[in-house]
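Taking it in order: structure first as structure tokens, then the write-up.
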Amino acid sequence: MNRREFLSLGALALAPHAFSAPRIQKLRIAATRQPLVGAGNPDTAVWAYNGAVPGPELRFKQGERLRVEVENALGAGTTVHWHGVRLPNAMDGVPNLTQAPIAPNGGKFVYEFDLPDAGTFWYHPHLGSPEQVARGLYGALIVEERNPPAMDRDVAWVLSDWRLDREARLVESFGNPMDASHAGRIGNTVTVNGAIRDTFAVRAGERIRLRLINASNARIYAPIFEGHSPRILALDGQPVANLNQRVVLGPGMRADLALDCTGAPGSRHRVIDDFYAQRAYEVLKLEYSADKPIRAAFEPLPQLAPNPLAAPDLAKAERHRIAFGGGMMGALPSQREHQGLFWTVNGRPISEHEHQGEPILSLRRGQSYRVELVNDTAWHHPIHLHGHVFRVLTADHWADSVLLDPRSRAEIAFVADNAGDWMLHCHVLEHQASGMMAVVRVS
Ligand code: C2O
Ligand code: CU
């Protein structure tokens, strides 16, 4: 058996039909400079995949096999995590848990796995994340449906924010205690696909599939499209029933929207984000060309086909409860004992890559679970589980992350069908690195 056959067999549990040859991509990770602010401002020193932030948009078809050959030219170790993808544990990109870090100054690693689910996913480091993601390491991973719905355009907006000084330099106070113990590193400059944008060009009558990806360390987005009513096709890559409710994206989360361009030729419409009530800002404007509408009326929206997810058996599900605590204005663990650790999972803080402790949950493969997630803090926490997609019972859709409002709870349910040690953590990266993460073992 050659290596490729061996790897294919290893992935049998997730995609029994997938024996296709992998499609190969290369990612080279290095420092570079990029004009984030534009308009005569200096370029910003960033870290990037293949020389640009965001990294290349990787597009595959559902059922294809991905092979990404990574070379790390940074002076720091790194890994690549494939957020939201159900893949074999060894490909999950968690340092010292599923792989050794990719060594600095030329280290290499090959990620290769099947893509069982269609949807909008993304990739980012899982080592020193508060710094590495803030410096620009992230990119979209888009897995197209076997029969994608008819759209005039399919566009990803990778949303991120930066903390810049007046010379457009990154403020390098990554993971400082003030950010870590409060809302995380929220920046002062929001970019769409790696630059501040004034406008996004559209044409009247267009139907656009807009894939929003929140790649920020800590910022939550709740965009409003003035004069438009986009419908939600998918959350975290998983189809939902065409919701027209407002989209709220915590860090790490994605939403696929169907944006029908119902505005008049030549008109402009603001996209506003007012998640933080006192700090609403304009993301950009939809700018209509003068061209006449490409259609007079819109067809009803198609539904996306569901992904092959195992439905949890709620009657037989074993129940668990996980409580998240800490932060300023909460019951802090003793600061002297836990230096730099501000957050707890079931009362215990776990530092960024200390996985020696017992898993917070030990699950049996094939069994259904219902887990209540309780936020005992005054802060928002987007809680993300690796290797699985769960049903959010309190909102009735599939997802890989759930945004917990302050002092709130959510209930998730899933079949533990992917063996390995998987991270469960807050995707506010400063919270993750200061105690708010744990390991879930499936065996
Ligand atoms: Cu987006 Cu643990 O990851
Ligand atoms: Cu958090």
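Only the coordinates and a few stated rules stand behind these numbers; no lab work does. For clarity, every value in this text was computed on a predicted model and none was experimentally measured. Neighbour counts are summed over all protein chains in view; Cβ atoms, including those assigned to glycine, are modelled from backbone coordinates with ideal geometry.
Observations
- The packing ranking of peptides 125-131, 203-209, highest mean first, is 125-131, 203-209, where packing means the average number of other beta carbon atoms within 10 angstrom of each residue.
- Separation in nanometres of the label points that stand 7 Å from Cα toward Cβ, at Lys108 and Asn50: 1.8 nm
- FRET efficiency for Glu318 and Ala73, using Cβ-Cβ distance with R0 set to 41 Å, rounded to 0.05: 0.35
- Listed residue (Ala378, Asn176, Ile24) projecting farthest to the positive dipole end of the chain, Cβ model: Ile24
- Extension reserve of the Asp43-Tyr281 stretch, reckoned as 0.36 nm per residue once the Cα distance is removed: 83.4 nm
- Length gained when the stretch Lys26-Arg146 is fully extended (0.36 nm per residue, less Cα-Cα span): 40.8 nm
- Check: the chain dipole with +1 on Lys, Arg Cβ and -1 on Asp, Glu Cβ, in debye: 380 debye
- Given charges at Cβ of Lys, Arg, Asp, Glu: segment 194-242 dipole, positive-most of Pro223, Gly205, Leu235: Gly205
- Shape category assigned to the chain from the gyration tensor of Cα positions, a/c cut at 1.5: rounded
- Gain in span if fully extended, Leu301 to Arg153, counting 0.36 nm per residue against the direct Cα distance: 51.8 nm
- Amide hydrogen neighbours beyond the local backbone of Leu309, cut-off 5 Å, H modeled: none
- Cα centre as origin, Lys/Arg/Asp/Glu Cβ charges: segment 184-309 dipole, Debye: 120 debye
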